[in-house]
Each structure stands twice: as structure tokens, then as C-alpha cells.
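For reference, the structure discussed in these notes is given below.
Every number here is computed from the coordinates shown, using simple stated rules; none is lab data. If you're wondering where the values come from, they're calculated on a predicted model, not measured in any experiment. Here the Cβ is made from the backbone with ideal geometry for all residues, glycine too, and neighbour counts use every protein chain on show.
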Amino acid sequence: MRATPTQGAQPTALASRTLLAGCGKLGARLGERLANEGETVFALRRHTESLPSRVVAIGADLTKPLREPLPVVDAMVIMLPPSVDPDGYRPVLQHLRDGLQEAPSRTVFVSSTGVFEGWDGPQPITESHVPRPATPRARVIREGELVAEDLFGAIIVRPAGIYGPGREYLLRTVRDHRAIHRATRTNRVHETDLVRVLHALLRHEDPPHVIHALDAEPATLGDVTDFIADVLGVEPPTEGDGPGRTGNVFDGTAVRSLVGHLDFPTFREGYRDMIEHAAD
């Protein structure tokens, strides 16, 4: 495993041409940031209408072999959902590899902390723990990581629950007074900070091979929704039927070392910002 950069380490411009394979909201934000820095950014997705104007759109379906070779790039970020192909990640990533004229010098694969669903090992979970997938979803996610490592030597980034503008599931849950499992252990990362993590992984000379992208304070679902309810001025969600304490806790030391600080270090800053901007 590569060494984790020390806090405050200065990034180095390593890429001038970057391919975003699967470019949704997260990719669009990353692409705009890279383009603002003078990079040429290619964005590959099935439907290209909503892509930022400053990226070069490539309309393609990775569930099928590509008709045209992809441009030569220095770096690539793969942001594909696990459901992109009924047969899992292998055929999709193989089509991507076959479409490249040469492999980029750096590839980042966006995975998920969901690879630890059903984990029965020690807590908190760090990057040194090897996943032992215990659910079908976790097995698909882990397969994607292993295929990306095999085909591209990819860096693996595992975001926790991504939230931010346009990702308002918990806000709707509280507003709609839906019942929850209050003791569920949760981890999250604001989309703004996740973009910063991906940017850092593209820029640093010696990035970690695996990184968990999450904020500095794991919390129960009850704690998070109680805070949201208080800011909104509504009653917090009640307890739902189902199992007791579930979920995992992750150690975010490594990601804070990578980026130096988080713009939204806990759910409090993040959800308060979302609520305040929604009211503007």
C-alpha cells in the first residue's frame, strides 16, 4: 500500500487530460473544477445533454463495446453505479479498457463504504481492513474494486453517504415525518468535500491506494435527524419497526490527512448550510 500523504502536503499537477467515466452530478462538479484549472476534461456518459459546457462530451454506453476509441488521457476517474450492468462491473470495465488506446497513468475508482455491509469485524473500520462482503450489494461493489485494480491499477475511494444540494433524502425524511431506526450508525460526506478528495487523489504525487471519504463525526441516524428537525423547527422522526443497532463506524483520519481539512467537518455544518441555502 502506498503511503498516505502527510497533512498539508502540497499537490502536484500530474494530469492535463482527464477522462470522467460516468459523469453525473459529482463528475460534473469535478470536471468544472479541473477545467477551471486549465485541464482538458472528457466526460463519458450515455446522455450528454446536461454536461457542463467546459467538458468534452462523449456519448457512449459502456454496457456495450465502444464504437470509437477513446481519447488518450493522463488520468481517469470512474464513477459508475453498481447497477450499470446486470452482470456486474467486469464487462463494463472491460469495455472501458478495450476502448482506451492506452491506460492512463492514474485511475481513481469511486466505490462505496457499502462494501462493508454486514461487516462483523472491528470498529471503527480503517483503510487497513480488507472487506469481507456479506450481502449481494457488497459483493458487487467489491468485485468492481478488484476489477478496477486488475485492469487499471486503480486507486479506490470509498465515500460514505453522499449528501449536499440535490441530495436531500434525510431532509425529506424529517419533513415528511417518516419513521427511522434511530440507533443506526451512519457516516457521511458532503459532496463538496468528496470533490476535494477526488481532486487531491488526481494531484498528489504519492496518493494512498485506498481512502475512505467521510466526515469527522460518525453519528446515529437519530442524532442527525434530531439536529435537522431542530433547525427546521419540526418534530423529529419517531422510531420505526425493525432491527436494533446496525451500521458501521469508519475512521476518517486518513482522508483528513489527505485534504488537510474538511469544508463540512460534521453533519451539523453540512445540513445547516443546505437548509439555509434552500431558504434563500
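Taking Cα centre as origin and charging only the Cβ of basic (Lys, Arg, +1) and acidic (Asp, Glu, -1) residues, the dipole magnitude of the chain rounds to 420 debye.
The stretch 25-44 and the stretch 199-260 have Cα centres lying 25 Å from one another. Using the empirical formula 2.2 N^0.38 Å as the baseline, the Cα radius of gyration of the chain reaches a ratio of 1.02.
Against the chain, whose longest principal axis is taken from its Cα atoms, helix 221-232 shows a tilt of about 80°. Once the Cβ-Cβ distance between Ala179 and Asp61 is put in as r, and R0 is 30 Å, what FRET efficiency do you end up with, to the nearest 0.05? Using R0 = 30 Å, I get an efficiency of 0.15. Please say if the stretch 10-124 is rounded, prolate or oblate, where rounded means a/c under 1.5 for a ≥ b ≥ c the square roots of the C-alpha gyration tensor eigenvalues, and otherwise the choice is prolate for a/b larger than b/c and oblate otherwise? Because a/c hits 1.5 or more and a/b fails to exceed b/c, the stretch 10-124 counts as oblate. Each of Val157, Thr225, Val41 was scored by the projection of its Cα onto the charge dipole of the chain, and the greatest displacement toward the positive side belongs to Val41; charges sit on the C-beta of Lys, Arg, Asp and Glu. Among the trypsin sites (Lys or Arg not before Pro) within the stretch 180-280, those in coil by DSSP and having at most 11 neighbouring Cβ atoms inside 10 Å are Arg245.
Let a ≥ b ≥ c be the square roots of the eigenvalues of the Cα gyration tensor of the stretch 207-280; is it rounded (a/c under 1.5), or, if not, prolate (a/b larger than b/c) or oblate? Oblate is the answer for the stretch 207-280, as a/c is 1.5 or above yet b/c matches or exceeds a/b. Amide H to amide H, with H built 1.01 Å from N, Thr220 comes under 5 Å of Thr186, counting only residues 5 or more places away or on other chains. Please work out the Cα center distance from the stretch 47-77 to the stretch 107-158, rounded to the nearest Å. Distance between centres, Cα-based: 25 Å. Note on Tyr163, Tyr169: ascending count of other Cβ atoms within 10 Å places them as Tyr169, Tyr163, the fewest first.
Going by how many other Cβ atoms sit within 10 Å of their own, how do Ser128, Ser257 line up, fewest first?
So the ranking, lowest neighbour count to highest, is Ser128, Ser257.
Proximity of backbone amide H atoms, modeled 1.01 Å from N, is registered between Leu20 and Phe42, Ala43, Leu44, Val77 at under 5 Å, excluding neighbours fewer than 5 places apart on the same chain. Per-residue Karplus couplings for the stretch 163-174, computed as 6.51 cos²θ - 1.76 cosθ + 1.60 with θ equal to phi - 60°, are listed in order as 9, x, x, x, 10, 10, 4, 5, 4, 5, 4, 5 Hz, Gly and Pro entered as x. Under a point-charge model restricted to the Cβ atoms of Lys and Arg (+1) and Asp and Glu (-1), what is the dipole moment magnitude of the stretch 39-123 relative to its Cα centre, in debye to the nearest 20? With Lys and Arg at +1 and Asp and Glu at -1, about 200 debye. The GluC sites (Glu not before Pro) of the stretch 182-251 meeting both criteria, a DSSP state outside H, G, I, E and B (loop) and at most 15 other C-beta atoms within 10 angstrom of the site's C-beta, are Glu205.
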